[in-house]
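The values are calculated or read from the model by the stated rules, or taken from the named source; none is laboratory data. Nothing here was measured: the structure is a model prediction, and the numbers come from that model. Counting neighbours? That spans all protein chains shown, and the Cβs are built from the backbone with ideal geometry, glycine included. We work out accessible area using only protein heavy atoms, side chains counted, and drop any ligands, DNA or RNA first. Shrake-Rupley method; radii C 1.70, N 1.55, O 1.52, S 1.80 Å.
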Amino acid sequence: MRGGAERLLFENFPEPSLRNVPNPEYDSKLFGISQDRMRMRTREMSPAAEVQRGIDLSSHRGFQFLPVLVLFGSLCAFLTTPTAVSAQENWTPPQWWMDSASAKVYSKQEYYKSKAGFRSTSPTSEQTRQIKRVVQYHLSLLTHDDNLDPPKTTDRLLNELAPTLTSPAVRQILLDEIVACAADMMTHPTDSVRYNALAAVVQLNVKPATFVNGVETPAVPFNAAYKLLLDVVKDPNQFLSCRILAARGLGRICRDGENAPSSNEKSDIGQVLVDTLNATPPSTQDGIWWFRNKLIEALGFVDRIDNSATNPIVIEALLDVVTNRSELPVNRALAAQSITQLPFSSSTNIQLITDEIMTLISELGTAMARSPTAPGWQEPFVRLYLAFRPATTRQAKERKWGLLYQVERSGLGGHAAYVKSAFNVAFPILKPFIEKGPQQPSADQLKALSAWQKENAVTNRRVVPNGKEYAVRTAAADVRNGNVTK
């Protein structure tokens, strides 16, 4: 953790240490497939910027992809709906594509000539053609059978965008061309080709990351990429690995964009994420649950509770996951964290949201008492803590993430005492998961939580005035195979 602004916020409560939080290589395995898959990295609890190599896109420090993207092609095959076809002849390449022989000739004879105009402040039509050809060359290499390191190819393409080597006008041409050509590659029969092309898109930036006075500011993503990412996310025939990556890219665009996306663009993104989440039922199947996880996470960054028609689709989609006992606990807890990152209005029923989060804490605490050594308890309880108090000062004070800071928004101050009293009860349960690792809540702690809910019952069961009504729930008694039973 770097700098005071990156500390977990405990204010008047003792500050636990984070040194014992598990730190597995969360993405070096196939989307986290292992008994450690429910754990979260310490790095995911701090803000950060893009790394020079690989992908860094997580909610705080980035979804860091190690340079093994090529492995996802074979590893993810069983996750995908389409059948991967290795024969190049089964794909109709776009006109710009270079085969292996043509690419070798281009590399020797034209590549450096094409880069001659990279510093031009006003490229001519011929220079523009040559600049685009550089992008086309790199992306063509991803399809060649003799390319043994596609992630390196992606990195080399991204390096062409270095501000020290290009003018703003040239970078804009390169950005647009990468997105356009990557779209052409989303029909390639091989999943690793699509994945590595898309990996370039989700890493595109218009401003680099900065690190000032111990505080990292993420790079500003290329907003225009969101349309391609939406197309990938909502396509049920697309490789699941690509849909997951696109969801992460959308989350990053919404989270780190600078004066972008626009309100209407956020509405479009939120609508697609919600529709796709609804079309992908909860599952314990590896890949499916992880896809839902990334959709839920992205919804927490949309920065809208509704769509342009004022239908509360985002806030209700997340609350639906929180209350859904057929959903994995890790996804329910992530939904609890994500919903508290939305821009609540004065009419948002923050008491209902708080009450449902308290019910989830009770359910998971009761379940843990029955299976205290089962893997996967750490991340859900940490995320439930973050639903009250976010990881950084900026998230709390500027973005008003977390229930304890949502009440600082206009019109919500009257709910501050309710939220604070809930946190006073929840904190003793959640604190050990931050400080020491999984620790079973005591019977007295769960009784205190139950008593608090009875004393503070919520009668208004609509999360917003024009929303649907949520039924009164009581805590479920058991969790088996990662699911709270009905």
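Look at the Cα gyration tensor of segment 358-467: its axes a ≥ b ≥ c give a/c of at least 1.5 with a/b at or below b/c, and that counts as oblate. Restricting segment 359-441 to trypsin sites (Lys or Arg not before Pro) that sit in a DSSP loop and have at most 16 other Cβ atoms within 10 Å of their own Cβ leaves Arg399, Arg409, Lys436. Sorting the segments 256-268, 291-303 by their mean number of nearby beta carbons within 10 angstrom, highest to lowest, gives 291-303, 256-268. Quick one: if you stick a label point 7 Å off each Cα along the C-beta vector at Leu165 and Lys152, how many nm between them? Using points 7 Å along Cα→Cβ, the separation is 1.5 nm. A full extension of the chain between Asp145 and Lys397 corresponds to an added length of 85.6 nm, given 0.36 nm per residue minus the alpha carbon distance.
Here Glu110 and Asp235 are evaluated by their C-beta separation; at R0 = 41 Å the FRET efficiency comes out at 0.75.
Here segment 105-253 is assigned +1 on the Cβ of each Lys and Arg and -1 on the Cβ of each Asp and Glu. Its dipole about the Cα centre then comes out at about 360 debye. Full extension of the chain between Asn324 and Trp96 yields a length gain of 77.3 nm, computed as 0.36 nm times the residue separation minus the alpha carbon distance. Taking only the C-alpha atoms of segment 181-316, Rg followed by Dmax gives 15.0, 47 Å. Taken along the Cα-to-beta-carbon direction at a fixed 7 Å, the label points for Lys454 and Val472 span 1.3 nm.
Taking a label point 7 Å from the Cα of Val212 along the Cα→Cβ vector, which residues of segment 228-258 have an amide N closer than 16 Å to it? From segment 228-258, the list is 258. Straightening the chain between Glu126 and Thr280 buys 50.8 nm, computed as 0.36 nm per residue apart minus the Cα-Cα spacing. Among Glu469, Glu379, the order of accessible area from largest down is Glu469, Glu379, computed with a 1.4 Å probe on protein heavy atoms.
Val105 contributes an accessible area of around 80 Å² to the protein surface, as traced by a 1.4 Å probe with all chains present.
In straight-distance terms, cross-link reach from Lys397 covers every one of the lysines whose alpha-carbon lies under 28 Å from its own, apart from those fewer than eight places away in the same chain; here that gives Lys207, Lys266, Lys294, Lys420, Lys431, Lys436. Peptides 337-343, 180-186 ranked from most to least packed give 337-343, 180-186, packing being the mean of other C-beta atoms within 10 angstrom over each peptide's residues. Each of Glu398, Glu363 has its accessible area taken with a 1.4 Å probe; listed largest first, they run Glu398, Glu363.
Ordered by solvent-accessible area of protein heavy atoms (1.4 Å probe), largest first, the residues Arg119, Arg252 come out as Arg119, Arg252.
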